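Below is one structure, written out as structure tokens, with a few remarks after it.
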Amino acid sequence: MEYEAVIGLEVHLQVRTASKIFCSCANRFGEEPNTLVCPVCLGYPGVLPAVNKQAITKTIAAGMMCNCEIAGYSKFDRKNYFYPDMPKNYQISQYDLPLCQNGSVRIEGVGFSGDEIPRRHIGVRRIHLEEDVAKSIHVGSYSVIDFNRAGVPLMEIVSEPDMTSPDEAHAYLTELKQMMHYADISDCDMEKGQMRCDVNVSVRAVDNPGFGTKVEIKNLNSFRAVHRALSYEIERQKELLEESAAVEQETRRWNDEEGVTTLMRTKEEAHDYRYFPEPDLMPLQISADMREEIRRNLPESPASRRERFVQEYAITAYDAQVLTGEKALADFFEEAAAASSAPKRVANVIMTEFLGWLGDQGKTVRESPVGPEAIRELVSLVENETISMKIAKDVFSEMMETGKAPGDIVEEKGLQQVTDQSVIESYLQQVVQENPSVVDDYKSGKEKALKYLVGQVMKLSQGKANPQQVNDRLRDMLSQ
Amino acid sequence: MDKNIATLSFAHAAELLREGQISSRELVQALLSRVDVHDEALGAYLSVARESALSEAEEADARRQKGEQLSPWDGLPISVKDNIAVAGQANTCGSKILEGYTSPYDATVVRRLKDAGCIVLGRTNMDEFAMGSSTEHSAYKPVANPWARSCVPGGSSGGSAASVAAGEALAALGSDTGGSIRQPAAFCGVVGLKPTYGAVSRYGLVAFASSLDQIGPLTKTVRDSAVLYDLISGPDPNDATSVPDAATGVSGVFDSGLSLEGKKIGMPKEFFDYEGLSAEVREKVQNAAEALEQRGANVKEVSLPYNEFAIAAYYIIAPAEASSNLARFDGIRYGRREVAEAAGRLLETYRLSRGKNFGEEVKRRIILGTYVLSSGYYDAYYLRAQKARTKLREDFARVFEECDVLLTPTTPSGAFRMKQVTEPLQMYRSDIFTISANLAGIPGISVPCGFTETEGLPVGAQFLAPHFAEKEMLRVAAAYEQASPAAGCYPDVTETDG
């Protein structure tokens, strides 16, 4: 029997705003516990929420990035349940009228496993805005609570169960994160809890139109963990089905060290959150003007940028995927490539040399010591044959270390390629005189010997002789 | 001084301060002395801010001497219901669960009063979390009606009403969710104003039912209510339900004369036909109508057919919101925590802290509210109640097309005796004339209109007006006050014991 997986993702994303959603406390990670708090986000008696407009605007922008319908009329609701990390014992959330609905995220390209993912649209059922809760920290037999996180604006992005493989789920998350970065909506740092992901997965026989029993997986702390957990869980469910055993509806925990999911709890207890409209906040009227203004300020999506890069700069789809991975990188590439006569070469230098160097140094694109114009200049020095590719590598290293312009480095160090016929001629003569036996070898038909002689000339010229010219002249000279 | 402080109004006190006939310190001291003498018997205060009130009064006097008074009201003391936050003061809401809690911030209304130089004299007693109509549900002590100590002062702002009536306060702030300002004002023979929903910021008012709550003044005169409304109203960025178009400068009506020529006053027949309305109260309010006619108003009968559903809708919506609003009192971050025997048992900590420290009436409403919001019942109760509320609002809108202000009794009877009303439903029905204004969000004011002949207890006439029409409402109320047989009557607190 052939099986397929049905995967849905529920992603929580903290919205990057200056202040929290309902008070003026700063929205920042990593401060001393309980220092970013006030009566409002601590749920003190008598306080009221006042909505942060930036959180609304950014959530709408997120919806637009995901091609959602944006509500003209929306509202907040109270979700009631008791837990110590909830200051009011209700969470201000959105129930039946979320800000964004019915969108989609396009996925494509090379997947996490290395396989190609066919282009697909993954449905986004809804995006709503709510307040984050405090953070419980368990210390031995008791718990302490840090309320710095309480009231941070939090988006919940619910996908349709449209994904069929761990690669697709990984690609969806990657695309989502890229879009949120591009539009400056969220930092999406999973380690800082800015992005949290719950997975629902079921397996069904390919010809079965219904759904299998779904399992929820929690404790997924990286995209890699999502991929691994799904791969594991899909196999586990397949095996159960093959043994004609039932998959139980349950919540499982991903154990990253052991690479397995383990049972957390069976069947959700029937939670009754007693939702009702938040009486402390007026319903939200989102005017066409407001929507238009948000739309005007949206950046180009990563998907459309990928497409454009392939067309405008004649690079491969894979290169475009890598280069658009981060908005800062895409901007860097585009600035370097736009005025270059050899954008493909610019792409190569950035992908191999530049990203390699940043990786070694543990630096981000924004921390690069040189700007995109330096890469463009370096490429043009190679293009107009001022330096060879080999010298270009040295110039690159020097430029990254010192921040100097590549032209200046070439000038200072006299690295210009030697193309003067008479100079090259003198190198050739010296090498031919010093290596009579190698010359003989070549003349007796050993093609390899020529390579050695070219190498000797390059050495003599300190790498500055034009290798093609050396090659051609030497062949001429020895055939006489 | 002690003799006339009892009858001194807020506005009159301001005049005396301005003329230098009295100092702020003397005022505060005189009130404190009255509290010392009478409040043990009355129970109007839960706490008195003796030290801070006196030192703030001295500061106000110093400002005034230098001609640097913050406003005409600088140095005037006011008493504040214990569910309104005052920085550095207790904020018990009449509940054990908030015993020991000190508020770290000022409610917007308190901030505005302080900015005008006013002084918080003390915190008035109330039904726990404002749930009740007699102040018998205070977890600390009951309040006696200054006119007859065996009677209740009404509620839930019973402490505010009693303190003003007994001359233990120049004026007081209360809160009104279903009549909690107007009903005790009527029972205690003082003026009580519930502003339009959204006119006064709720920031710092410990929420009972968010969509119904509104802060307002309890005062000796209509003018004082107007003055205090002007001081505390206006939009507040901290309260999203406060509105920019609230009435302003309402005390200005007193400058323009109080003519009622051409004013149309409606008397809703459903109120006067209510079977529980006592004959005495009906008569007093009808007398009020005649007095208004004599001053040139046109009085006519109108109809509010949906008022019949007001109590039912209210006792779904208010408990629903309350069940959620009161969830924060869990003993985790503030207030009383009962530590569970089995250490670390979270659920047990919640259960004990809330079970032991909420009173019966509060628990009853939390249970009721939790029930009506439960899945499967939401549509049948909460949603239907909201529909009834819309109908009621439409009722008022229609009636206000044909008249400017409505006149009704504030309560079906005079103050009842303590422990006389034991059935919750019977207690709930005592708000039958006040609740609809909260559901519709319109303003209302209760003005003394006489006394019952049998027991000599105060009777209140209620005026209701369209949203934000406080000015028109106050004009009619003030004009009536001049004709009211109850105007200028105060209880003799030293002798009341009936």
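The values are calculated or read from the model by the stated rules, or taken from the named source; none is laboratory data. On a predicted model such as this, the values are computed, not experimentally measured, just so you know. Here the Cβ is made from the backbone with ideal geometry for all residues, glycine too, and neighbour counts use every protein chain on show. With ligands, DNA and RNA removed, areas are computed over all heavy atoms of the protein, side chains included. Shrake-Rupley method; radii C 1.70, N 1.55, O 1.52, S 1.80 Å.
If we scan the range B:129-136, do we find a residue that is acidic (Asp, Glu), more than 14 Å from chain A (Cβ to nearest Cβ) and open to solvent by 10 Å² or more (accessible area, probe 1.4 Å)? Give the steps one after another, and end with the answer.
Of the range B:129-136, the ones acidic (Asp, Glu) are B:136.
If we keep only those that are more than 14 Å from chain A (Cβ to nearest Cβ) as well, we get B:136.
Now narrow it down to the ones that are open to solvent by 10 Å² or more (accessible area, probe 1.4 Å): B:136.
Checked the range B:129-136: at least one residue is acidic (Asp, Glu), more than 14 Å from chain A (Cβ to nearest Cβ) and open to solvent by 10 Å² or more (accessible area, probe 1.4 Å).
Scanning the range B:313-359 for residues that are farther than 17 Å from B:ALA207 by Cα, hydrophobic (A, V, I, L, M, F, W, C) and more than 10 Å from every other protein chain (Cβ to nearest Cβ) yields a count of 5.
In the list A:ALA338, A:ALA342, A:ALA270, which residue meets the criterion of being in contact with a Phe, Trp or Tyr (Cβ under 9 Å, 6 or more places away or on another chain) and either farther than 24 Å from A:GLU401 by Cβ or at pLDDT below 95 (or both)? Before you say what the answer is, go through the steps one by one.
On the way: A:ALA342 fails: in contact with a Phe, Trp or Tyr (Cβ under 9 Å, 6 or more places away or on another chain); A:ALA270 fails: in contact with a Phe, Trp or Tyr (Cβ under 9 Å, 6 or more places away or on another chain).
Being in contact with a Phe, Trp or Tyr (Cβ under 9 Å, 6 or more places away or on another chain) and either farther than 24 Å from A:GLU401 by Cβ or at pLDDT below 95 (or both) holds for just one of A:ALA338, A:ALA342, A:ALA270, which is A:ALA338.
The set of residues from the range B:313-355 being open to solvent by 60 Å² or more (accessible area, probe 1.4 Å) and under 20 Å from B:MET131 (Cβ atoms) comprises just one member, B:ARG336.
In the range A:387-403, what residues are of a type outside the set (Asp, Glu) and buried (at least 18 other Cβ atoms within 10 Å of the Cβ)? Please lay out each step first, then the result.
Going residue by residue through the range A:387-403, those that are of a type outside the set (Asp, Glu) are A:387-393, A:395-397, A:399-400, A:402-403.
Across the range A:387-403, the qualifying residues are A:ILE387, A:SER388, A:ILE391, A:ALA392, A:VAL395, A:PHE396, A:MET399, A:MET400.
Residue-wise test of (1) open to solvent by less than 40 Å² (accessible area, probe 1.4 Å); (2) touching a residue at least 24 places away in the same chain (Cβ under 8 Å); (3) not β-branched (Val, Ile, Thr).
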| position | (1), (2), (3) |
| --- | --- |
| B:ASP245 | no, yes, yes |
| B:VAL253 | yes, yes, no |
| B:LEU260 | yes, yes, yes |
| B:MET267 | yes, yes, yes |
| B:SER278 | yes, yes, yes |
| B:VAL281 | yes, yes, no |
| B:ASN287 | no, yes, yes |
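The strands (runs of 3 or more DSSP E) found wholly in the range A:36-129 and carrying at least 1 residues that are among the charged types (D, E, K, R), closer than 24 Å to B:ARG202 by Cβ and within 14 Å of chain B (Cβ to nearest Cβ) occupy A:77-80. On the stretch given as the range A:444-480, residues that are basic (Lys, Arg) and over 16 Å from A:GLN421 (Cα atoms) total 4. Count of the range B:360-389 residues, restricted to those that are open to solvent by less than 20 Å² (accessible area, probe 1.4 Å) and more than 13 Å from every other protein chain (Cβ to nearest Cβ), is 3.
Of all residues in the range B:106-119, one or more are touching a residue at least 60 places away in the same chain (Cβ under 8 Å), among the charged types (D, E, K, R), farther than 25 Å from B:SER353 by Cα and assigned to a loop (DSSP other than H, G, I, E, B). Based on this model, can you work out whether B:LYS141 counts as within 26 Å of B:ALA53 (Cα to Cα), assigned to a helix (DSSP H, G or I) and open to solvent by 10 Å² or more (accessible area, probe 1.4 Å)? So B:LYS141 does not fit the description; no. Total residues in the range B:238-270 satisfying the condition of being in a loop (DSSP other than H, G, I, E, B) and in contact with a Ser or Thr (Cβ under 9 Å, 6 or more places away or on another chain): the figure is 8. Restricting attention to the range B:371-399, the residues that are in a helix (DSSP H, G or I) and small (Gly, Ala, Ser) add up to 4.
Do any strands (runs of 3 or more DSSP E) lying entirely in the range A:132-250 carry at least 2 residues that are open to solvent by less than 20 Å² (accessible area, probe 1.4 Å), and which ones are they? Steps first, please.
Numbers: elements: A:135-139, A:142-146, A:153-159, A:195-205, A:215-220.
Once the strands (runs of 3 or more DSSP E) in the range A:132-250 are filtered for at least 2 residues that are open to solvent by less than 20 Å² (accessible area, probe 1.4 Å), what remains is A:153-159, A:195-205, A:215-220.
Within the range A:39-49, being out of contact with any helix residue (DSSP H, G or I) (no Cβ under 7 Å at 6 or more places or on another chain) and open to solvent by less than 30 Å² (accessible area, probe 1.4 Å) holds for A:VAL40, A:GLY46, A:VAL47, A:LEU48, A:PRO49. Scoring B:MET473 on the criteria (1) under 19 Å from B:LYS264 (Cβ atoms); (2) buried (at least 24 other Cβ atoms within 10 Å of the Cβ); (3) in contact with a helix residue (DSSP H, G or I) (Cβ under 8 Å, 6 or more places away or on another chain) leaves a single failure, condition (3). Of all residues in the range A:67-81, one or more are more than 26 Å from A:ARG149 (Cα to Cα), within 25 Å of the chain's Cα centre (by Cα) and crowded, with 21+ Cβ neighbours inside 10 Å. If I ask for residues that are in contact (Cβ under 8 Å) with a residue 24 or more places away in the chain and assigned to a helix (DSSP H, G or I), which ones from the range B:226-237 would you list? Residues satisfying the conditions are B:ALA226, B:VAL227, B:LEU228, B:TYR229, B:LEU231, B:ILE232. For the range B:202-224, enumerate the residues that are more than 7 Å from chain A (Cβ to nearest Cβ) and under 19 Å from B:ARG393 (Cβ atoms). Selection gives B:ALA209, B:LEU212, B:ASP213, B:GLN214. Please state which of the following conditions A:LEU99 fails to meet, knowing it meets all the rest: (1) open to solvent by less than 20 Å² (accessible area, probe 1.4 Å); (2) modelled with pLDDT under 95. It is condition (2) that A:LEU99 fails. Taken over the range B:73-116, the residue count meeting the criterion of being surrounded by fewer than 16 Cβ atoms within 10 Å (Cβ to Cβ) and more than 12 Å from chain A (Cβ to nearest Cβ) is 4. Scanning the range B:400-442 for residues that are open to solvent by 10 Å² or more (accessible area, probe 1.4 Å) and among the β-branched types (Val, Ile, Thr) yields a total of 3.
Among the residues of the range A:285-311, the ones that are touching a residue at least 12 places away in the same chain (Cβ under 8 Å) and acidic (Asp, Glu) come to 2 in all.
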